[in-house]
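Reading through the structure tokens given below for one structure.
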Amino acid sequence: MAHFLELKADGLQAIRSINPRLMSYNVEMTEVTGGTFWKAYTEGQIAGTEEFPKLEGGFSNHTAMAGLMQYYPPIDTTNEKLISLAKAFGPVWIRVSGTWATKTYYDFDGTTGGKAPEGYQSVLTREQWSNIIGFVKAVGGKLLVSASNCAGDHKDGGALDLTQIKKLFALTDELGGRIDAFEFMNEPNMLQISGAPVGYTFEDYVRDQDIANAWVKENYPECLIVGPCNTGMTDTSIEDSPMAKMGSGIGNMMTMGTVHDLMRGHQVPMDVYSYHYYNGISERLASVMPTGHWPAEAAHTDAYLAVAPGCAMMNAPARDKYVPGGEMWVTESGDAGGGGDTWASTYLDVLRTLNELGSFCTITDGVIFHNTLASSDYGFLQHGSFDPRPNYFAALLWNRLMGNTCYAVSAPQTEGAHVYAHSRKDGKDGYCYLVINNSLTEETTVNLPCDATLYTLSGNGNMRSKVMYLNGAPLTLGEGNALPCLDGKAISAGEHKLPAGSCTFIVI
């Protein structure tokens, strides 16, 4: 169905001011230390011409499946290209966490010889952490971390030993850095696969979360306490969740807790409520979790785009209950759990990414951490080469154009017309609109009340293009890894047609 939209130059009602670091990202601990992470898709799988092989086995041992994972050496966070591209985003939060972090030993004295002690899985060295602190400083970021919480941190089988957490904060201080926010454990509502000790319960988690958070509050009162980092559910059943396709697939194979399980009886108040959002389960896990997977043919649909705002709306009441007055942070976000779908690195996923940013601001204030900066197929940058993917340029344009005041728009949120409005990032009067035409067959017509600047993103006729186009020009790095021209096109007042399958920023 074709749509006709009337855009206004004034008179919109402000909804809220948003966190200027809304668009942020993860650097997984496995990237820092080196380790296994999701295996890269082939060129044919990314293009959609090669079928993804079916995998056998259960979800609980997915990290041991050779077909799913591969070893990656530590990422070079001192790389000039990486720093330059990350710095271009402007101020961000950087989260160093992930399932790998829960079983990482901090060998800052160099005594292990690179071999993880009993009860741990990997080793973080002083040099690696020093490089992370240097990277955060270089890009003007703020640092969020989670801690280890594995068998090695419970040597007597009892409560959490704070030795590891104290070491991490102490070395950060010594290096002249700062841990700005602390999220005790990654995805604790899936204890069976999140690295916790065997037999660890939700009651144990609540006890240890309080132990860790109390120590941080006492010794680093300016550090934000973030949690509980749940995935998929709040206090509702799986069937009631907007992530039902994902949640039911996981829930059939393991015990999943709710936010209430993670917060029942907690004593130390939190500053920020956190959860994880993915738009289902990737092709990697589709054969063992078929109910959790969306096919590529659905990745532009209203139902698919509705998952992100649905998760935000589901989590908002839990935030109000457990962290009243706090911001809401999506501390992991991407197109699909399990390392992303084959199209995560293509233009097709840009529609989901930009719609998530736009819709989130209409619901609440907070931060969204894209997973990841430079690893796996859903990273902003390709692992190793650090070449930008379409989502990188989409996020870069969001940060450059969309201001910190979110406005209400009267346009319907429906196929061909997902419309969001913000103040202008340059501080001038007017608005920056984002219009997502997720119809793959129909143009959307916008009527402009005055002259404007247009930034139309597309796959140039190929939704699974690995290169995104801005007003018809390919977005690729130039000589010396220089960013391409990101200027918009001046257009006059009146009617303009936005192509099918396009995302357009309009500054008026």
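Go through the stretch 455-508 residue by residue and tally those that are small (Gly, Ala, Ser), touching a Ser or Thr at 6+ places or on another chain (Cβ under 9 Å) and under 21 Å from Ala298 (Cα atoms).
6
Does any residue of the stretch 474-496 turn out to be surrounded by 15 or more Cβ atoms within 10 Å (Cβ to Cβ), over 20 Å from Val419 (Cα atoms) and either in contact with a Phe, Trp or Tyr (Cβ under 6 Å, 6 or more places away or on another chain) or modelled with pLDDT under 95 (or both)?
yes
Keeping to the stretch 333-386, report how many residues are closer than 18 Å to Ala40 by Cα, in contact (Cβ under 8 Å) with a residue 12 or more places away in the chain and hydroxyl-bearing (Ser, Thr, Tyr).
Counting residues in the stretch 333-386 that are closer than 18 Å to Ala40 by Cα, in contact (Cβ under 8 Å) with a residue 12 or more places away in the chain and hydroxyl-bearing (Ser, Thr, Tyr) gives 8.
Does the stretch 9-44 hold any residues that are of a type in the set (S, T, N, Q) and touching a helix residue (DSSP H, G or I) at 6+ places or on another chain (Cβ under 8 Å), and which are they?
Within the stretch 9-44, Thr30, Thr33, Thr36 qualify.
Here is a yes/no grid of residues against (1) of a type outside the set (Ser, Thr, Tyr); (2) modelled with pLDDT of 80 or more; (3) assigned by TED's automatic domain parsing to the domain that holds Asp341:
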residue: Gln45; (1), (2), (3): yes, yes, yes
residue: Phe52; (1), (2), (3): yes, no, yes
residue: Phe59; (1), (2), (3): yes, no, yes
residue: Thr63; (1), (2), (3): no, no, yes
residue: Ala66; (1), (2), (3): yes, no, yes
residue: Glu80; (1), (2), (3): yes, yes, yes
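Is there any pair with a first residue in the stretch 2-28 that is farther than 28 Å from Ser146 by Cβ and a second that is assigned to a loop (DSSP other than H, G, I, E, B) and at pLDDT below 95 whose Cβ atoms are under 7 Å apart and which are 6 or more apart or on different chains, and what are they?
What qualifies is Ala2/Gly416; His3/Gly416; Leu5/Ala411.
Scan the stretch 309-338 residue by residue and report those that are modelled with pLDDT under 95 and either touching a Lys or Arg at 6+ places or on another chain (Cβ under 8 Å) or not assigned by TED's automatic domain parsing to the domain that holds Ile46 (or both).
Scanning the stretch 309-338 gives Asp335, Gly338.
Would you confirm whether or not the stretch 399-416 contains a residue that is crowded, with 22+ Cβ neighbours inside 10 Å, modelled with pLDDT under 95, in contact with a strand residue (DSSP E or B) (Cβ under 8 Å, 6 or more places away or on another chain) and not acidic (Asp, Glu)?
yes
Inspect all residues belonging to the stretch 228-244 and state whether any of them is under 28 Å from Leu143 (Cβ atoms), outside any helix (DSSP H, G or I), at pLDDT 95 or above and touching a Pro at 6+ places or on another chain (Cβ under 9 Å).
Yes, the conditions are met somewhere in the stretch 228-244.
Hey, which of the strands (runs of 3 or more DSSP E) in the stretch 418-508, taking only ones fully inside, have at least 2 residues that are in contact with a helix residue (DSSP H, G or I) (Cβ under 9 Å, 6 or more places away or on another chain)?
The strands (runs of 3 or more DSSP E) meeting that bar are 418-424, 431-437, 452-458, 502-507.
Out of (1) of a type outside the set (Lys, Arg); (2) at pLDDT 95 or above; (3) over 24 Å from the mean Cα position of the chain (by Cα), what's the single condition that is false for Val435?
(3)
Restricting attention to the stretch 283-302, does a residue exist that is closer than 20 Å to Pro188 by Cβ, among the aromatic types (Phe, Trp, Tyr) and surrounded by 21 or more Cβ atoms within 10 Å (Cβ to Cβ)?
No, because not a single residue in the stretch 283-302 is closer than 20 Å to Pro188 by Cβ, among the aromatic types (Phe, Trp, Tyr) and surrounded by 21 or more Cβ atoms within 10 Å (Cβ to Cβ).
Could you go through the stretch 473-483 and let me know if any residue there is of a type outside the set (A, V, I, L, M) and either outside the structural domain of Arg424 (by TED's automatic domain parsing) or touching a Gly at 6+ places or on another chain (Cβ under 9 Å) (or both).
No, the conditions are met nowhere in the stretch 473-483.
For every residue, the table says whether it meets (1) touching a Ser or Thr at 6+ places or on another chain (Cβ under 9 Å); (2) buried (at least 24 other Cβ atoms within 10 Å of the Cβ); (3) among the acidic types (Asp, Glu).
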position: Pro317; (1), (2), (3): yes, no, no
position: Tyr322; (1), (2), (3): no, no, no
position: Gly325; (1), (2), (3): no, no, no
position: Thr346; (1), (2), (3): yes, yes, no
position: Leu354; (1), (2), (3): no, yes, no
position: Asn371; (1), (2), (3): yes, yes, no
position: Ser375; (1), (2), (3): yes, yes, no
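Does Gly403 meet the test of being under 23 Å from Asp487 (Cα atoms), without any contact (Cβ under 8 Å) to a residue 40 or more places away in the chain and not β-branched (Val, Ile, Thr)?
yes
The values are calculated or read from the model by the stated rules, or taken from the named source; none is laboratory data. Everything numeric in this text was worked out from a predicted model, so none of it was measured. For neighbour counting, all protein chains shown are included, and Cβ atoms are generated from backbone atoms with ideal geometry for every residue, glycine included.
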